[in-house]
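In what follows, a single structure is set out as C-alpha cells and then discussed.
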C-alpha cells in the first residue's frame, strides 16, 4: 500500500537502484580486450590463467588479492611502473611495463585477472 512516506522514498530508491546498475555495468570486464592486451604485451610468456609458469597463475593472483580493497590499484601500479618481480629460481627482475593507449585498458586487464 502506498502511503505518503512510501511515495517520498520511491524516487530515492529509484536513484539508488540506477546508481548500482550503472556502477556494476561500468565495471564489467571485457575479457576479449583484456586477453588481447595480455597477448600484445607477451604476458602469457610468464603467466597463464590456471598454471604457474615463471610468474604466478592469474587464478593465484586473484586468490591472493581477493577481498582486498586496494587490489586493483596495487596491480595497476605493478603493471605500469616496472616493480621488481621474483622468479621461481629466486632472482628478481623489473616487471615488464604494460603498454596501452588508454589507462582504462590496463584497469580492464587487472579486473580480468582479478576475476579469475
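Laboratory data are not the source of any read-out in this text; all were calculated from the coordinates shown. Predicted model, so just to flag it, every value in this text is computed and none were measured.
A few points about this structure:
- P(r) tail fraction, segment 30-114 - alpha-carbon pairs more than 17 Å apart, %: 45 percent
- Segment 30-114 - percent relative contact order, Cα under 8 Å, separation 6 or more: 36 percent
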